[in-house]
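Chemist: Starting off with a structure, shown below.
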Amino acid sequence: MVKVGLTGGIGAGKSEVSRLLASYGAVVVDADKIAREVVEPGTPGLAAVVEEFGEDVLTPGGTLDRPKLGGIVFNDPEKLKALNAIVHPLVGARSAELEASAGPDAVVVHDVPLLTENGLAPLYDTVVVVDAAPQTQLDRLVRLRGMAEDEAKSRMAAQATREQRLAIADLVIDNDGPLEALEPQVRAVWERLRGA
């Protein structure tokens, strides 16, 4: 088994790289997806979030109001730390379960947005960073995701810097260009990972 940590700043295109790797045969463990699962209604994770942040972070239907919670934590490092202390151990446990169920010859790609911030690089055989210039990230967040520019800048500022991510990279995928320039790079990375 080859354990790969895949990361990149918000708007860098990590999700597209993850999708391509899965299409080639990688077993993708998506931390963002798991982070949503562990706070679904009825879970201990959601109960802990409500205990920490109050009932106001719930929608009328009883699900987590992610935009509201994001507005609370992304501008307050202490509140973000409290949220991470609840969610990260749950995500880690679920990720370990999924990895354990992959076969011995699998390339397991852990799609981890906060890999750099949480010092997780040593957990992986290879760290792949999807890189894009900050201006490219901002443009994608505003133009493609419809995010307000201030919110996009705030989310970007809450993450590791581009330099910090590149410093831990074993392999870098440059995603500053058009989508068609991405696939050949991801294919080349896949071939390297299969040979690892």
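The values are calculated or read from the model by the stated rules, or taken from the named source; none is laboratory data. As the structure is a computational prediction, the values presented were derived from the model and not from experiment. FYI the Cβ positions are ideal-geometry reconstructions off the backbone, even for glycines, and counts take in every protein chain you see. With ligands, DNA and RNA removed, areas are computed over all heavy atoms of the protein, side chains included. Shrake-Rupley method; radii C 1.70, N 1.55, O 1.52, S 1.80 Å.
Chemist: Using each residue's phi in the stretch 132-149, evaluate 6.51 cos²θ - 1.76 cosθ + 1.60 at θ = phi - 60° and report the 3J(HN,Hα) Karplus result to the nearest Hz, with x for Gly and Pro.
Modeler: The phi angles translate into 8, 5, x, 5, 5, 4, 4, 4, 5, 5, 6, 6, 8, 9, x, 7, 5, 4 Hz.
Chemist: Check Asp30: other-chain or 5+ apart residues with amide H under 5 Å from its amide H, H built from backbone geometry?
Modeler: For Asp30, the qualifying residues are Asp111.
Chemist: If you take the Cα Rg of the stretch 125-196 and divide it by 2.2 N^0.38 Å, with N the number of residues, what do you get?
Modeler: 1.25
Chemist: Roughly what would the spin-label model give for Asn75 and Leu166, points 7 Å off Cα along C-beta, in nm?
Modeler: Rounded to a tenth, the inter-label distance reads 3.2 nm.
Chemist: Same structure again: When ligands, DNA and RNA are left out and all protein chains stay put, how many square angstrom of accessible area per residue does the chain have with a 1.4 Å probe?
Modeler: Ligands and nucleic acids excluded, the result is 52 Å² per residue.
Chemist: Give me the dipole magnitude in Debye, nearest 20, for the chain about the Cα centre, with unit charges on the beta carbon: positive for Lys and Arg, negative for Asp and Glu.
Modeler: So the dipole magnitude of the chain works out to roughly 220 debye.
Chemist: When each pair of different Cα atoms in the chain is counted once in the 1/r mean, what is the Kirkwood radius in angstroms, to one decimal?
Modeler: One over the average 1/r among Cα pairs gives 17.6 Å for the chain.
Chemist: Here is the link list: Lys81/Lys153; Lys68/Lys153; Lys3/Lys81; Lys3/Lys153. Which ones come out longer than 23 Å on Cα distance?
Modeler: The answer is Lys3/Lys81; Lys3/Lys153.
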